[in-house]
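The values are calculated or read from the model by the stated rules, or taken from the named source; none is laboratory data. Source: prediction; values computed, not measured. Cβ placement follows ideal geometry from the backbone for every residue including glycine, while neighbour counts extend to all protein chains displayed. Surface accessibility is based on the protein's heavy atoms, side chains included, excluding ligands, DNA and RNA. Shrake-Rupley method; radii C 1.70, N 1.55, O 1.52, S 1.80 Å.
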Amino acid sequence: QAQLVESGGGLVQPGGSLRLSCAVSGIIFRLYDMGWYRQAPGKQRELVATINSGGSTNYGDSVKGRFTISRDNAKNTVYLQMNSLKPEDTAVYYCNSAYRTIGYWGQGTQVTVSS
């Protein structure tokens, strides 16, 4: 059974940085497209960034130039480096894996950007 475990969230001041990790088990990680999504209170879940099995990346407009997604297939882990954080980045961040019609979600990690 697939398991996705996010870590690295927390409280950070505006302009600061955080690095999220998502450790994956129970699937053939290298075959899966991976992504980060976020959901702020009262808002719909939105795309942050994706990286496919070949390493190509895609970013939501609000994070382009500030966030970087990467993956380490040897460690079955996907990362999200977040720089120049803004209060509007505050949300629960979720890891997602997708392969054809199969998809899995992690439990989420809270990121709060506040002074």
TODO: Could you list, in sequence order, all residues of segment 32-64 that are surrounded by 11 or more Cβ atoms within 10 Å (Cβ to Cβ) and either among the hydroxyl-bearing types (Ser, Thr, Tyr) or modelled with pLDDT under 95 (or both)?
DONE: 32, 37, 50, 53, 57, 59, 62
- [ ] Kindly indicate the residue of segment 106-115 that is more than 13 Å from the chain's Cα centre (by Cα) and assigned to a strand (DSSP E or B) and also surrounded by the most Cβ atoms within 10 Å (Cβ to Cβ) among those meeting that condition.
- [x] 113
Task: Any pair with Cβ under 6 angstrom, 6 or more apart, that starts in segment 64-90 at a residue that is free of Cβ contacts under 8 Å to residues at least 24 places away in the same chain and ends at one that is part of a loop (DSSP other than H, G, I, E, B) and of a type in the set (Gly, Ala, Ser) - done: 66/84
Open item on the list: Of the conditions (1) small (Gly, Ala, Ser); (2) over 10 Å from the mean Cα position of the chain (by Cα); (3) closer than 18 Å to residue 4 by Cβ, residue 15 satisfies every one except a single condition; which number is it?
Closed with: (3)
Task: Total residues in segment 46-71, condition over 21 Å from residue 100 (Cα atoms) and assigned to a loop (DSSP other than H, G, I, E, B) - done: 7
TODO: Test each condition in (1) in a loop (DSSP other than H, G, I, E, B); (2) of a type outside the set (S, T, N, Q); (3) open to solvent by less than 40 Å² (accessible area, probe 1.4 Å); (4) farther than 17 Å from residue 20 by Cα for residue 74 and report the one that comes out false.
DONE: (3)
Task: Residue selected from segment 77-105 under the condition of a type in the set (Gly, Ala, Ser) and in a strand (DSSP E or B), by the criterion surrounded by the fewest Cβ atoms within 10 Å (Cβ to Cβ) - done: 103
